[in-house]
1. Please work out whether the range 100-147 counts as rounded, prolate or oblate from its C-alpha gyration tensor, where a ≥ b ≥ c are the square roots of the eigenvalues and a/c under 1.5 means rounded, while otherwise a/b larger than b/c means prolate and anything else oblate?
2. Under a straight-distance cross-link criterion of Cα-Cα below 17 Å, which lysines are reachable from residue 308, leaving out those fewer than 8 residues away in the same chain?
3. Take 94, 71 and sort them by solvent-accessible surface of the protein heavy atoms, 1.4 Å probe, largest at the top.
4. Which of rounded, prolate, oblate describes the range 167-211, given a ≥ b ≥ c as roots of the alpha-carbon gyration tensor eigenvalues and a/c under 1.5 marking rounded, otherwise prolate only if a/b is larger than b/c?
5. Could you let me know the centre-to-centre spacing of the range 115-135 and the range 276-315, using Cα atoms, in angstrom?
6. Scan the range 224-315 for chymotrypsin sites (Phe, Trp or Tyr not before Pro) in coil per DSSP, keeping those whose Cβ has at most 10 other Cβ atoms within 10 Å, and list them by number.
7. Work through the residues other than residue 205 whose Cβ is under 14 Å from its Cβ and net out their charges, Lys, Arg +1 and Asp, Glu -1.
8. Can you return the lysines within cross-link range of residue 203? Criterion is Cα-Cα under 18 Å, with same-chain partners fewer than 8 residues away left out.
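The values are calculated or read from the model by the stated rules, or taken from the named source; none is laboratory data. Model, not experiment: these values are computed from the prediction. With ideal geometry, Cβ positions are generated from the backbone for all residues, glycine too; neighbour counts draw on all protein chains shown. Just so you know, the surface numbers come from the protein's heavy atoms only, side chains and all, with ligands and any DNA or RNA stripped out. Shrake-Rupley method; radii C 1.70, N 1.55, O 1.52, S 1.80 Å.
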Amino acid sequence: MDSPLLRRCARAVTTTHKHIRRRAATQQCRFYADQSDFRAAAPIRFDQPRAELLDNDDRSRGRRDEKPEIDLYSLRIVPASPSYFTATPQYTDDLLHLSTLVRRHKLLPHLPQGEAPRIAWKTIDQYKTEKAEPVKMKGYNALLKLLKELNYIHPSLMPEEVKAALETFKRDVQPYLNVPKPLTVDAYGVSIAVGRRKSSSAKVYLVEGTGEALINGRPLTDYFGRLHDRESAVWALKCTQRLDKYNVWALAKGGGTTGQAEAITLACAKALLAHEPDLKPALRRAGCVTRNPKRVERKKPGKLKARKMPAWVKR
């Protein structure tokens, strides 16, 4: 049985803390919602076009305006190349592309070692100028290694994409395609050839005979005073044991005696190959076929000769 004192205390507490109960009820209504107020978003399918992802209101608005709205805050520009943020994007793309071609066509038949067609590739300076990127020599050597590996694919089975990749790195002028004009023997049995050494040049007329040699209308022993120059002039005939089977008539000009003698050597070897092409291996071993490109080094300012320095004096 409740006493009057307890009822009076309960009434006072209820009256005093009415605003607290009201605030709690308000907070409950403000921050808590029923389960019916929650609604899940529709699942996003990335294979659908953008128009199907819009709501009906957005579609109707787009039809009215005929200009779909673009959210600039969520717009993201995707680079065309995955290597865009590297220091050398074009070089990286080329390296990745060639690596992909090597892996893709690794099982195709390849030519034996040393039998691939000779190709003059672009130099690193030409590549850097074309791409406008700071490519290092080590990185460019990696490109050349992949190109040479692709070049060993058999020409009859080489895919078009490999041919296009190789054409990109070829020079505009291919020196290996230059074929020298073949030397022939005329109706009188005479072969004509030209040889050069340093600043000297010589034109040799070679015909079958008894071994006579005339240089500018003078005998060989009379024109060249040094024994070494005499042997050099007819070395192509001596190394093939044809010294007494051909007559040599040469016209030499420019340079000194050593340059003229070695120019006659090269011209005589070329003329001999017109008569007997099978002697080329022997002449190459003797060093008569290759043109010697060495020249006299120029004098530098402050020096007595090309490299000779004046005597050092302390005072």
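1. The shape class here is prolate.
2. By straight Cα distance, residue 308 reaches 299, 300.
3. Values: 94 35, 71 80 Å².
So the residues, ranked largest to smallest area, are 71, 94.
4. Numbers: a/c = 5.35, a/b = 2.13, b/c = 2.51.
Verdict is oblate for the range 167-211.
5. Centre-to-centre distance over Cα atoms comes out at 30 Å.
6. 312
7. Numbers: positive: 203, 270; negative: 186, 208, 212.
My count for the surroundings of residue 205 gives -1.
8. List returned: 181, 253, 270.
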